[in-house]
Amino acid sequence: MMPQEGPCPDPLFILCKGRSGSTFLVDILIRHPEIGMAPVSDLIRTMLQAYPELGDPLRSHEGVKTMLHKIFEEPKFETWELKFEILLEELVSQLPLCRSDMARAILLAYHHKNYPGRKIWGLKRGGWLATHIHTLRRHFPQSKYLLLIRDGRAVFASSKRAIHSDTSLPLEEDSLRSAQVWKKIVSSFISQKDQASVLIVRYEDLVTEPREIIAKILWFLGVTCNDDVMDNLLFSHTPKYIYERDRHLHENVGKAPQKDRASAWKKTLSPKEIKTFEKIAAKELVSQGYDLLYPASSLRSLFFHMTKEFYREVT
C-alpha cells in the first residue's frame, strides 16, 4: 500500500478507558514513518465546551486568546511545547474560526513540529471523549476511531497500582465506580462498531497476537504495512511517547508484549472486588469475550448484600 501525500483532513482518535494499554499501543504506532500522535490532553473537550458565551465560530481576537489561555492552563498541554504568541497569531488570521477548526490547527501545529510529513495525526484520550463519539463525529466528520478495550477487571487492577503524578494517590480504588465507568465506555464503543471509520481492538489480542493486530490497524489507517515495517514497530525500544513525570505509570511501554499481564488481575484483586465488578459489568464483559470468574448466583447474592447494606446506612 503506497502512502498518500499530505496529512489526513481530520485527526485519528485513539479512545479507551485509562490503563487500557493505549500508551503501549501509541508508542508502537508512532515508530511508523507515516503516523504521529500528540500527547494526552483535554484540548478537544476544552475547545468544544469551554466559554459557550464566546459562540461558535469564534469571531474576535479576544475570543481566540481567551480559549487559547484556557488550553495552555492544562498541565498536560505543557508537554506539547507550542509557543502561545505564534499560535495566537496564526489562529487569529483565520477568523471567523470554528472551534473544531481551532482544535485542528493546534493539533496540526504539534504534528508539523514533531512529525513533519506524516500522513496520520491525532490524539489519544479516555474519559469524556470515549463516551461522546457522536459529538466528535459532528465536528470531525472524516476522522477515524481506534477504540481500545481491555478487560475491565485488569483495568481496575492496573489503576489501583498506578499512582497519580499530581496527587500521589492511586488512580482508582473503588471497584464499583470503576465498573460503572468501564461499562459506559464499552457500551459507547459497541454502539459504534458497525461504522466503517471505527476499528475496535482488544488489548489482550494486541499482546498475544501483536503482528496480526498491528497489521490490522495499519491497513485500517491506510498506511504502509510490510515485514520490514512490522519488525521495526515491534522491536523492543526506548519509548518516545512518555514524558518523565509519567514514566512510573508506563513501565512496560517499549518492551515486548507481555502476555501474562492479561490475567494478572486475578492475583491482585480481592474476590469481593472481582464480584462487584462482574455484577455491574457482566453483560459487557461477556460481550467482549471475557469469562466471568464467579457464577451469576454468586453475583446476585453479592448484589443483595450490597443493597441491604446501602439501605441500612440511609435509614
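The values are calculated or read from the model by the stated rules, or taken from the named source; none is laboratory data. Every value quoted in this text rests on a predicted model; they were computed, and no experiment measured them. Neighbour counts run over all protein chains shown; Cβ positions are idealised from the backbone, glycine included.
Observations
- Considering the range 228-259, and only residues there that are more than 17 Å from ARG31 (Cβ to Cβ) and surrounded by 15 or more Cβ atoms within 10 Å (Cβ to Cβ), the residue that is modelled with the lowest pLDDT turns out to be LEU249.
- Against the conditions (1) part of a helix (DSSP H, G or I); (2) charged (D, E, K, R); (3) touching a residue at least 12 places away in the same chain (Cβ under 8 Å), ARG118 satisfies every one except (1).
- Filtering the range 24-39 to residues that are of a type in the set (Val, Ile, Thr) and surrounded by fewer than 22 Cβ atoms within 10 Å (Cβ to Cβ) leaves only ILE30.
- The range 212-227: number of residues that are in a helix (DSSP H, G or I) and either touching a Lys or Arg at 6+ places or on another chain (Cβ under 8 Å) or at pLDDT below 95 (or both): 3
- Condition check for ASP151: closer than 30 Å to LYS275 by Cα and acidic (Asp, Glu): yes
- Yes/no for ILE14 being in contact with a strand residue (DSSP E or B) (Cβ under 7 Å, 6 or more places away or on another chain) and surrounded by 14 or more Cβ atoms within 10 Å (Cβ to Cβ): yes
- Listed by position, the helices (runs of 4 or more DSSP H) enclosed by the range 5-97 that each have at least 2 residues that are of a type in the set (D, E, K, R), at pLDDT 95 or above and over 21 Å from HIS139 (Cβ atoms) are 61-72, 84-92.
- Among (1) crowded, with 17+ Cβ neighbours inside 10 Å; (2) of a type in the set (Gly, Ala, Ser); (3) within 15 Å of ILE30 (Cα to Cα), the one test that GLY117 misses: (1)
- Those residues of the range 101-114 which are surrounded by fewer than 21 Cβ atoms within 10 Å (Cβ to Cβ) and in contact with a Leu (Cβ under 7 Å, 6 or more places away or on another chain), in sequence order: ALA105, ALA109
- Filtering the range 163-186 to residues that are modelled with pLDDT of 85 or more and over 18 Å from the mean Cα position of the chain (by Cα) leaves PRO170, GLU173, ASP174, SER175, LEU176, ARG177.
- Flag if GLY122 is loosely packed, with under 15 Cβ neighbours inside 10 Å, small (Gly, Ala, Ser) and under 25 Å from ILE217 (Cα atoms): no
- Among the conditions (1) part of a helix (DSSP H, G or I); (2) in contact (Cβ under 8 Å) with a residue 40 or more places away in the chain, ALA105 misses just one, which is (2).
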